[in-house]
Amino acid sequence: MTSPELPDVAVGPAPSAPPVERPRITVIGTGYLGATHAICMAVLGFEVLGVDVDPRKIEALASGRVPFFEPGLPEKLREALDSGRLRFGTDFAEAAEWGDVHFVCVGTPQAKDSNAADLRYVESAFAELASRITRRALLVGKSTVPIGTAARLTELVHETSPAGLQLELAWNPEFLREGYAVEDTLHPDRLVFGVPSDWAEQQLRAAFRPILDAGTPLVVADLATAELVKVAANSFLATKISYINAMAEICEVTGADVNLLAQALAYDSRIGGRFLKPGLGFGGGCLPKDIRAFIYRAEELGVGQSVAFLREVDAINLRRRARIVDLIRELAGGSLEGVRVAALGAAFKPNSDDIRDAPALEVARMLRTEGAIVTVYDPQAGENARRAYGGLNYADSLADVARNADIVALLTEWQEFRDADPEYLGGLVAQRKIVDGRQALDADDYRAKGWEYRALGRPAQVPAVQLTLDVKGLTLASA
């Protein structure tokens with residue numbers, strides 16, 4: 001069997017690319033994506049103006065404060081501000097007059113009344129900016145949107161802008177991982193340009209020249225393909241995560257060990273080990289809402305059956321939360337009423353303070369609903385959790401959350417929790433019982449130090465190994 005051919009990609013600048021001036025860049029929207037993009041583009045040497053309708057965000061960024069947690073970004077913000085190449089404001093008219101390439105980085109949350117993507121903010125950003133642009137320029141969408149959005153927005157900006165057809169629209173999807181956003185922006189594993197013309201491609205090449213010069217692969221595509229790349233990537237990753245968690249469900253009823261299963265699968269080069277990590281599942285502001293919006297859009301287009309499997313991907317992911325609660329209840333003896341649970345983690349993943357669709361907090365809420373006394377500790381997301389989940393208790397340290405707990409539940413795999421000494425924690429808790437929701441702890445070490453350890457997809461106890469040898473009529477047995 002021959003390996004499938006990879007699509008052709010361009011690496012580095014096109015040899016025949018005409019000279020292009022270094023464009024002045026605006027970034028519309030200074031949330032997680034926009035702030036990171038603006039800061040990193042300035043670090044790469046471009047003049048950048050970040051624009052947002054929220055003056056509090058602008059004030060924070062202009063004073064050198066990143067209004068969310070992302071490792072390495074505060075240092076890059078200070079570097080960019082000190083260079084004089086980065087500034088922030090709220091004036092769309094200034095951005096329209098000043099910029100050559102305008103990146104739109106606003107959010108596309110799930111709609112309140114359906115699984116569709118809410119495109120109000122994207123449409124507003126494009127319309128507000130286009131209505132003020134009077135010369136040739138390039139608008140570039142980076143937000144994750146349903147297929148067909150770019151074509152519709154192209155018509156919108158041509159009708160809205162005084163520049164008419166001189167204002168072109170392109171799409172450049174982002175692939176940032178929270179906790180690694182700086183690295184993913186400055187050293188991406190690929191760039192994707194969805195462009196309507198050679199001129200638009202050359203403008204984007206100029207805007208990403210330092211990254212392309214480093215040899216980053218570039219895929220140049222049409223608008224529809226560029227829109228599809230991000231949601232297709234997220235759907236594949238979500239499927240891989242839910243697949244191993246589906247295997248965990250099988251392991252739980254057969255006595256198999258899902259960690260060993262995942263290890264064996266990972267050695268297959270066709271499968272690989274990335275995202276093949278069993279546990280509590282995915283959350284955050286991208287994967288859950290993106291796969292739901294993908295299903296919704298596919299059904300609108302009449303091809304809903306092609307992605308129907310994503311409904312089960314979503315369902316498997318949600319079932320993991322209920323199953324963790326089941327394990328905690330079992331460990332408590334069948335009832336959670338009055339049980340003191342130390343919930344380790346609130347963010348949807350480590351190295352982030354993002355609590356959007358966070359499995360950890362949903363588990364904490366479910367535990368409280370059943371009568372447990374839940375105390376949460378997270379190294380970065382505690383304040384965000386307090387504002388959103390006021391019915392829970394919160395601690396300011398690992399020691400505080402563990403003290404007198406009947407059960408410890410690891411729900412977000414921060415390194416602080418991975419590195420915790422089971423003997424030290426054992427001296428704080430009321431009972432040495434722990435549920436590892438992220439397969440992040442050394443089960444053998446915890447069990448050796450007197451802990452009752454449970455995890456999704458793993459046997460409650462390490463099974464005894466029965467070995468019988470019959471040597472010249474002498475039977476030796478070990479267990």
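Laboratory data are not the source of any read-out in this text; all were calculated from the coordinates shown. For clarity, every value in this text was computed on a predicted model and none was experimentally measured. Every residue, glycine among them, receives a Cβ derived from its backbone with ideal geometry; neighbour counts consider all protein chains shown.
Taking the centroid of alpha carbons for each part, segment 419-455 and segment 320-394 are 17 Å apart. Mean residue ellipticity at 222 nm, helices only, the chain: -12500 deg cm²/dmol; runs of at least 4 DSSP H residues each add -39,500 (n - 2.57), and the sum is divided by the number of residues.
Once backbone amide H atoms are built at 1.01 Å from N, ARG340 has ILE373, ASP406, ILE407 as its partners under 5 Å, excluding neighbours fewer than 5 places away on the same chain. Mind checking the angle between helix 223-254 and the chain's longest principal axis? C-alpha axes, 0 to 90 degrees, to the nearest 10. Here the helix axis deviates by roughly 0 degrees. Ordering TRP414, TRP199 by the number of other Cβ atoms within 10 Å of each residue's own Cβ, fewest first, gives TRP199, TRP414. Database remark: amide H of GLU452 closer than 5 angstrom to the amide H of LYS433, ILE434 (H placed geometrically; neighbours at sequence offset of 5 or more, or on other chains; Pro and chain starts carry no H). Residues in segment 176-186 carry Karplus couplings, in order, of 6, 9, 4, x, 9, 5, 5, 4, 5, 7, 7 Hz; the curve used is 6.51 cos²θ - 1.76 cosθ + 1.60 with θ = phi - 60°, and Gly or Pro positions show x. Based on Cα contacts under 8 Å between residues 6+ apart, segment 132-248 shows a relative contact order of 28 percent.
Structural descriptor for segment 46-169: relative contact order 22 percent, calculated from alpha carbon pairs under 8 angstrom and at least 6 residues apart.
Taking the number of Cβ atoms within 10 Å of each Cβ as an exposure proxy, the fewest-first ranking of LEU331, LEU237 is LEU237, LEU331. Between the helical axis of 287-300 and the longest alpha-carbon principal axis of the chain there is an angle of about 60 degrees.
In order along segment 442-458, phi translates into HN-Hα couplings of 7, 4, 4, 5, 5, 5, 5, 9, x, 8, 8, 10, 10, 8, 5, x, 10 Hz, rounded to whole numbers, per the Karplus curve 6.51 cos²θ - 1.76 cosθ + 1.60 with θ = phi - 60° and x for Gly and Pro. Roughly what angle does helix 309-331 make with the longest principal axis of the chain, taking Cα atoms, 0 to 90 degrees, to the nearest 10? On a 0 to 90 degree scale, this one is about 40. Put in line by how crowded their Cβ is, counting other Cβ atoms within 10 Å and starting with the fewest, SER83, SER235 read SER83, SER235. Amide H contacts of ALA347: ALA381, each under 5 Å away and 5 or more positions distant or on a separate chain (H built 1.01 Å from N in the peptide plane; Pro and chain starts excluded). Each residue of segment 162-174 is assigned a 3J(HN,Hα), and the resulting list reads x, 7, x, 5, 6, 8, 9, 10, 10, 10, 9, x, 9 Hz, derived from the Karplus form 6.51 cos²θ - 1.76 cosθ + 1.60 (θ = phi - 60°), x at Gly and Pro. The loop-placed chymotrypsin sites (Phe, Trp or Tyr not before Pro) in segment 233-319, going by DSSP, that have at most 10 neighbouring Cβ atoms within 10 Å of their Cβ come out as TYR267. Each label point is 7 Å from the Cα along the Cα-to-Cβ direction; what then is the distance between the points at ARG56 and PHE236, in nm? Distance between the two pseudo-spin positions: 3.9 nm.
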